[in-house]
Amino acid sequence: MAAAKSFADKLSFEQIKIELLNTAYGNDRTLIAKLDPRTLFLWYAFFGIAPWFIHSRFILAGMLLFVIGTTIMTKVSRLIIFILILGLLGESGYLLIASLFFGGNLGIIIPLLVLTMKLSVISLASITAFCSMSPERLGEGLLRIGVPGQVSFSISYGYRMLPTLFEEYNHIFMSYRLRGKSPEKHGLFYFRTVIYFIKLAVKSFYPLLLSMAKRARTTVEALETKGGQYAFRNPAVKKLKLANLRIGKTDYFFLLISVLYLISIFISSHYVSF
Amino acid sequence: MNELIHVENVTFQYPGAEHPVLNKMNLSVKKGEFLAVIGSNGSGKSTLCKLFNGLIPHFYTGDFEGSVTVSGLNIVENSVADLSCHVGYVFQDFENQLVQARVLEDVSFAPLNFGMEDYLQRGRRALELVGLAHLADEFVWQLSGGQKHLLALAGGLAMNPDIIVIDEPTAQLDPYHAKEIYEVLKKLNEQYGKTIISIEHHTEFIAEYCRTVLLLNKGSVLWKRSTREALSEVELLTELAIYPPQAAQAASRLGADNVPITLNEAIAFFKEKVPCGMPSVPRQKPDRSQEETVIRFDQVGFSYKSMNKKRAQVLKNINLSLNKGEQVAIVGNNGAGKSTLLRLITGVKKPESGSITVRSQSVASCAPEKMADHVAYIYQNPEQMFIDDSVKKDVAFFPRARKIKGYEAKIDEILKQFDLVDLQDKDSRLMSGGQQRRASLAIGAAMNPSVILLDEPTASLDMATRKHLTQFILKLKEQIDLVMIATHDMQLVSEWATRVIVLHHGQIIFDGNKEELFSNPALMDKAGLVPPQIVTLSLALNVEPIDYSVDSFINRFKEARGEWPLQKASQIN
């Protein structure tokens, strides 16, 4: 109980906000963060899709090791990793229990492990690619590969508003608590209290939506005065925005290492059976 | 001709509105003016200013008649984007006009959108002009309110416009930061020849910084005059709920016809006329020893983790005991820890060290829902308190959740008391600032608390609404054991508080009555506090005891002389 309480204390709104922002913006000094977005898109196109078509456990394990390595290099926050592991374990655990319940046997474990491995490779590759790109880099990358400017603006604006959203949500949530009434008794396994908090968490979204809609009005006017619409139509603006994107030595090096590593595990898989 | 803005016979009506918000308006603004736009709520101030960058009629499509030229461009024929190259606009809710994550990105956003290759240099230059250059790589959400306002201004400056429009800077900022922004505007006006148009309620700022004043009433121009002439119209302005500087009010009510409008003028004006040998009324110090303690802070400290994973200390070593019947004002700069101090009492935040007790109950071991039985906290931004879809439901939320018998009658009474009967079925979010503020106080009153905590209750209100609201606050003490207000509003402090606590970087640097505080300029300065004009004036005139309101100031003169020596009044200037 004490451990759960200390965890709950750490998991305050403030904490989640900081973790999220750090995930988005805080990792810009790592080697991977310096890569061109296009390099990461290309890299992710393989690591994010290929695992579905690979059935060799050896190759999957090799890829998993590799993406674990790259994930460590991105210095991603522990909260994200924790959520990922929780998700993976929850998913496989649930499948295992369900299959045992409906007459399966322990033989199910091996195929489940393969599935978990595939999911892990894809998830870690996503973390590597997207957590090390700041929203601006991601937006620039998308713009470069031909996605409309509105999309990349939305991404960076979304992140700009994220802390505001969090604070606003926190305020509204606290407003409910400062005037509401929590259950007198916690109930079995804190049942009543948990239900109370879940209700508040959901209810708080409605006032949030309304207040955000109100804020957006000024934002839209401001965008108009800052030439937002004008920019989407002007190719010179796109050129200016993308002037900093360059595929350099590090990019080639990173891709080369990845390719060499993949070739070597593909070749060794012929000699190893497991 | 150096006419920059020409408005001729303009009428504008919002779609669905019954009356035009601008009615046959005529106006001319010359290059290099520093113009204040004043007028009561709904007089069309913001609407007028939105003509200058074309948001009206392009963005708000209503019935538009007449012609407007800005920097030689007709606003109907040119787009908002084109006009914005000549007009920088700072909105009242300026936080929502910052659209990028980092400071430099945000300030260079407009030049980038217009495809200017030197967009970063332009951004940097604008940051330098407002004094934010050292924060170029910072995240927008890490900035303080004052810095965000300066950034919004820099965003407008990046296009190097001729005209800067700024919508009620003093409504959202504390006086210290408002002064900072006006100093920047003054520099832009004097050194860079920018034309500044400021919508402003605060006449003391107008007197100090603006050179011309435009008075609007019901969508028409009443007049445009020099600041001196404008602010001398004490009666007319007061009638329109715009309050002239306190010194001007005092002189005018004493019958002078050439009134002083700035502090220095007032000192020169009143100096020779100060009645000597004033009866000094000794103010008795309240005896705190016998009173009942309601809230006690014992060695309280609080910090939070910031983005860069360092802990930021908000409060340290807070020791306080607050007694029944006190009217406590907590003052200090932004970021001094005022709001945190109040929130700790509600149990929403737990102190990191030390303990807080409310009526000998420890706050740390109590959920906020439990504390709410004793303590009501009124947010700085009322909108954050609106969790239901009508005023009445919001006010009734607390007693309804507690199933208090017969609460409906009590709610009706409170709605009446706060003048909300006609608004009770409206969505609180859609009301005006003053109405929202009243609703938030009504919510607090419906909780029937023994302690009420008000966070900046008079912020972002125009002077008329502010005055109205102060009446409600004065009434609160009849029903409530302890009222605490965190505020920048020194006029409120001087008229209301019996005890003032000054916070500075999370520590209490003063705890006493306002008399001691106001007679200590060094301390006021350290905490970034600006006393009300009438107090500064009394101090400068060496009158004893200090006057805290215009009423008491003029009573002093009336009692001493009976009649005001009018002949001396014409000697200034």
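The values are calculated or read from the model by the stated rules, or taken from the named source; none is laboratory data. Predicted model, so just to flag it, every value in this text is computed and none were measured. Here the Cβ is made from the backbone with ideal geometry for all residues, glycine too, and neighbour counts use every protein chain on show.
Which residue, of B:Phe139, B:Phe91, is more than 25 Å from the chain's Cα centre (by Cα) and facing chain A (nearest Cβ under 8 Å)?
B:Phe139
What is the one condition in (1) out of contact with any strand residue (DSSP E or B) (no Cβ under 9 Å at 6 or more places or on another chain); (2) within 14 Å of another protein chain (Cβ to nearest Cβ) that B:Gly16 does not satisfy?
Of everything listed in (1) out of contact with any strand residue (DSSP E or B) (no Cβ under 9 Å at 6 or more places or on another chain); (2) within 14 Å of another protein chain (Cβ to nearest Cβ), B:Gly16 misses just condition (2).
Could you list, in sequence order, all residues of segment B:299-339 that are within 14 Å of another protein chain (Cβ to nearest Cβ), modelled with pLDDT of 85 or more and surrounded by fewer than 16 Cβ atoms within 10 Å (Cβ to Cβ)?
Hits for segment B:299-339: nothing passes.
Which members of segment A:216-274 meet the condition of being of a type in the set (Ser, Thr, Tyr) and touching a Ser or Thr at 6+ places or on another chain (Cβ under 9 Å)?
Filtering segment A:216-274 down to residues of a type in the set (Ser, Thr, Tyr) leaves A:218-219, A:225, A:230, A:250, A:252, A:258, A:261, A:264, A:268-269, A:271, A:273.
Within segment A:216-274, A:Thr225, A:Tyr230, A:Thr250, A:Tyr252, A:Ser258, A:Ser269 meet the criteria.
Any idea which residue in segment A:167-178 is farthest from the other protein chains (Cβ to nearest Cβ), counting only those that are charged (D, E, K, R) and more than 12 Å from B:Val348 (Cβ to Cβ)?
A:Glu167
Hey, does segment B:373-396 have a residue that's under 21 Å from B:Thr346 (Cα atoms), within 10 Å of chain A (Cβ to nearest Cβ) and over 30 Å from the mean Cα position of the chain (by Cα)?
Yes: one or more hits.
Need a quick list: strands (runs of 3 or more DSSP E) entirely within segment B:300-401 having at least 1 residues that are of a type in the set (S, T, N, Q).
The qualifying strands (runs of 3 or more DSSP E) are B:311-323, B:327-331, B:353-358.
Within segment A:185-195, is even one residue more than 7 Å from every other protein chain (Cβ to nearest Cβ), under 26 Å from the mean Cα position of the chain (by Cα), surrounded by fewer than 18 Cβ atoms within 10 Å (Cβ to Cβ) and farther than 30 Å from B:Val87 by Cβ?
no
Condition check ((1) over 27 Å from B:Leu342 (Cβ atoms); (2) more than 14 Å from every other protein chain (Cβ to nearest Cβ)) across all residues:
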position	(1), (2)
A:Ser132	yes, yes
A:Pro148	yes, yes
A:Ser152	yes, no
A:Leu165	no, no
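For segment A:36-58, does any single residue satisfy the condition of being over 18 Å from A:Leu119 (Cα atoms), of a type outside the set (Asp, Glu), in a loop (DSSP other than H, G, I, E, B) and touching a Lys or Arg at 6+ places or on another chain (Cβ under 8 Å)? Even if it seems obvious, please write down each step before you answer.
From segment A:36-58, those over 18 Å from A:Leu119 (Cα atoms) are A:36-42; that's our starting set.
This time we only want the ones that are of a type outside the set (Asp, Glu), so: A:37-42.
Narrowing the set further to residues that are in a loop (DSSP other than H, G, I, E, B) leaves none.
No, segment A:36-58 has no match at all.
May I ask you to list the residues in segment B:192-219 that are within 21 Å of B:Leu157 (Cα to Cα) and not basic (Lys, Arg)?
Across segment B:192-219, the qualifying residues are B:Tyr192, B:Gly193, B:Thr195, B:Ile196, B:Ile197, B:Ser198, B:Ile199, B:Glu200, B:Tyr209, B:Cys210.
Tell me yes or no: at least one residue of segment A:170-191 is at pLDDT 90 or above, assigned to a helix (DSSP H, G or I), among the polar types (S, T, N, Q) and not assigned by TED's automatic domain parsing to the domain that holds A:Ile49.
Yes - at least one qualifying residue is present in segment A:170-191.
Considering only segment B:21-32, I want to know if a residue exists there that is within 14 Å of another protein chain (Cβ to nearest Cβ) and crowded, with 20+ Cβ neighbours inside 10 Å. Reasoning before the result, please.
So in segment B:21-32, the residues within 14 Å of another protein chain (Cβ to nearest Cβ) come out as none.
No, segment B:21-32 contains no residue that is within 14 Å of another protein chain (Cβ to nearest Cβ) and crowded, with 20+ Cβ neighbours inside 10 Å.
Let me confirm something: among B:Arg296, B:Arg359, B:Arg343, which residue is within 11 Å of chain A (Cβ to nearest Cβ), basic (Lys, Arg) and closer than 14 Å to B:Val451 by Cα?
Numbers: B:Arg296 fails: within 11 Å of chain A (Cβ to nearest Cβ); B:Arg359 fails: within 11 Å of chain A (Cβ to nearest Cβ).
Only one candidate passes the filter, namely B:Arg343.
Between B:Ile181, B:Ile206, which is aliphatic (A, V, I, L, M), in a helix (DSSP H, G or I), outside the structural domain of B:Ile330 (by TED's automatic domain parsing) and free of Cβ contacts under 8 Å to residues at least 40 places away in the same chain?
Of the residues listed, the single one that is aliphatic (A, V, I, L, M), in a helix (DSSP H, G or I), outside the structural domain of B:Ile330 (by TED's automatic domain parsing) and free of Cβ contacts under 8 Å to residues at least 40 places away in the same chain is B:Ile181.
Being facing another protein chain (nearest Cβ under 9 Å) and modelled with pLDDT under 90 is the filter; apply it to segment A:198-215 and report the residue that is surrounded by the most Cβ atoms within 10 Å (Cβ to Cβ).
Quick first cut of segment A:198-215, residues facing another protein chain (nearest Cβ under 9 Å) only: A:203-204, A:206-207, A:210-211, A:214-215.
Add one more test, that the residue is modelled with pLDDT under 90, and what stays is A:210-211, A:214-215.
Numbers: A:Leu210: 16, A:Ser211: 21, A:Lys214: 14, A:Arg215: 17.
Among those that are facing another protein chain (nearest Cβ under 9 Å) and modelled with pLDDT under 90, it is A:Ser211.
Looking at (1) more than 8 Å from every other protein chain (Cβ to nearest Cβ); (2) crowded, with 22+ Cβ neighbours inside 10 Å, which is the only condition B:Glu65 fails?
Among (1) more than 8 Å from every other protein chain (Cβ to nearest Cβ); (2) crowded, with 22+ Cβ neighbours inside 10 Å, the lone unmet condition for B:Glu65 is (2).
Anything in segment B:402-413 that is within 14 Å of chain A (Cβ to nearest Cβ) and either part of a helix (DSSP H, G or I) or over 21 Å from A:Gly180 (Cα atoms) (or both)? List them, or say none.
B:Tyr407, B:Ile411
Which of the residues that make up segment B:457-468 are over 10 Å from the mean Cα position of the chain (by Cα) and crowded, with 19+ Cβ neighbours inside 10 Å?
Once the filter is applied, which keeps residues that are over 10 Å from the mean Cα position of the chain (by Cα) and crowded, with 19+ Cβ neighbours inside 10 Å, segment B:457-468 yields only B:Thr465.
Pick from B:Leu188, B:Leu151: which is aliphatic (A, V, I, L, M), buried (at least 23 other Cβ atoms within 10 Å of the Cβ) and either touching a helix residue (DSSP H, G or I) at 6+ places or on another chain (Cβ under 6 Å) or closer than 26 Å to B:Leu48 by Cα (or both)?
B:Leu151
In segment A:238-274, which residues are within 14 Å of chain B (Cβ to nearest Cβ) and either touching a residue at least 40 places away in the same chain (Cβ under 8 Å) or among the hydroxyl-bearing types (Ser, Thr, Tyr) (or both)? Walk me through how you get there before you give the answer.
Quick first cut of segment A:238-274, residues within 14 Å of chain B (Cβ to nearest Cβ) only: A:238-244.
Result: A:Lys238, A:Lys241, A:Leu242, A:Asn244.
Of the residues A:Arg137, A:Arg144, only one is basic (Lys, Arg), in contact (Cβ under 8 Å) with a residue 40 or more places away in the chain and surrounded by fewer than 20 Cβ atoms within 10 Å (Cβ to Cβ); which?
It is A:Arg144.
Considering only residues of segment A:216-247 that are in a helix (DSSP H, G or I) and among the basic types (Lys, Arg), which is surrounded by the most Cβ atoms within 10 Å (Cβ to Cβ)?
Out of the qualifying residues, it is A:Lys241.
Would you confirm, using the coordinates I've provided, whether B:Glu200 is without any contact (Cβ under 8 Å) to a residue 60 or more places away in the chain, on the phi < 0 side of the Ramachandran plot and assigned by TED's automatic domain parsing to the domain that holds B:Leu120?
Details: without any contact (Cβ under 8 Å) to a residue 60 or more places away in the chain: no; on the phi < 0 side of the Ramachandran plot: yes; assigned by TED's automatic domain parsing to the domain that holds B:Leu120: yes.
It is false that B:Glu200 is without any contact (Cβ under 8 Å) to a residue 60 or more places away in the chain, on the phi < 0 side of the Ramachandran plot and assigned by TED's automatic domain parsing to the domain that holds B:Leu120.
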